[in-house]
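One structure is given here, and the rest of the page talks about it.
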Amino acid sequence: MTQGKKRKRKLSKRRRAVYRRRRIVVGIALVLAVALAVFCVYSLGRGMAAIDATIRHDDLMALSRKAVPAPKQKSKVKDCTASNVKLSLQSDSQSVPVGGAMKFTATITFVPKDSSSCLIDASDHSRVLTITSGGDTVWRSDACDVDSRKLLLAAGDTDTQTMTWNTNRSGQTCTEDSKLPKVDAGTYTAQLSMRDHPKIVSNKVTITVQ
């Protein structure tokens, strides 16, 4: 018995039309999927670029704000001057041993010419205690920076502070007292002054290191 040849299956026109429609639908779906993917990638890229631009803009604005100093508020109250402020200085004793410490009482007194008030910085950096020996400046209280201590002085106001000199010599830079060299025995003069108002000075106090 001989094996007959397989006969090819012939599709009807109707089925071929159905297959063509299916291929067209699948192709359109693939095209739409690719287009959607491309659109998503493009939109994501645009969104990231916009976010990056916003961040850069905010950073630049922050830098520009930091670079521009804030305007200083001007007070209507005037600064104190030699005409309405007096300084006075007293020492606890007239002598101190070598290596010892001398305490002073520094006083700022407001002497009003009228009913107005005035502002003054009463910190050790502004109200300066200076120790001299002849023409030699031995020690100054403003060798190290300190925070300002603004005072609003009115009629009858007095500010009193204690200041200490550890019988040492201050240098050109801020240095701890313990690392400063001690002065030799001798006679020294102490006086208060206002750093920004050279005309405001106190009485002189003579002390002896022995």
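The numbers here are math on the coordinates, done by the rules we state, and not lab data. Keep in mind that what you see is a predicted model, and the values were worked out from it rather than measured. Every residue, glycine as well, gets a Cβ built from its backbone with ideal geometry; the counts of neighbours run over all protein chains shown.
Extent along the principal axes, Cα only, for region 135-181: 42, 22, 21 Å, with the longest axis given first. Our note on the geometry: Cα centres of region 102-153 and region 167-201, 13 Å apart. Mean projected area of the Cα convex hull of region 126-210, taken over all directions, amounts to 6.7 nm².
Peptides 103-112, 27-36, 195-204 ranked from most to least packed by the mean count of surrounding Cβ atoms within 10 Å: 103-112, 195-204, 27-36. The convex hull around the C-alpha trace of region 100-141, projected and averaged over every direction, spans 4.5 square nanometres. Inverting the pair-averaged 1/r between distinct Cα atoms of region 89-172 gives 14.5 Å as its Kirkwood hydrodynamic radius. Farthest towards the positive end of the charge dipole of region 92-210, among the residues 102, 153, 132, is the Cα of 132, using unit charges on the Cβ of Lys, Arg, Asp and Glu.
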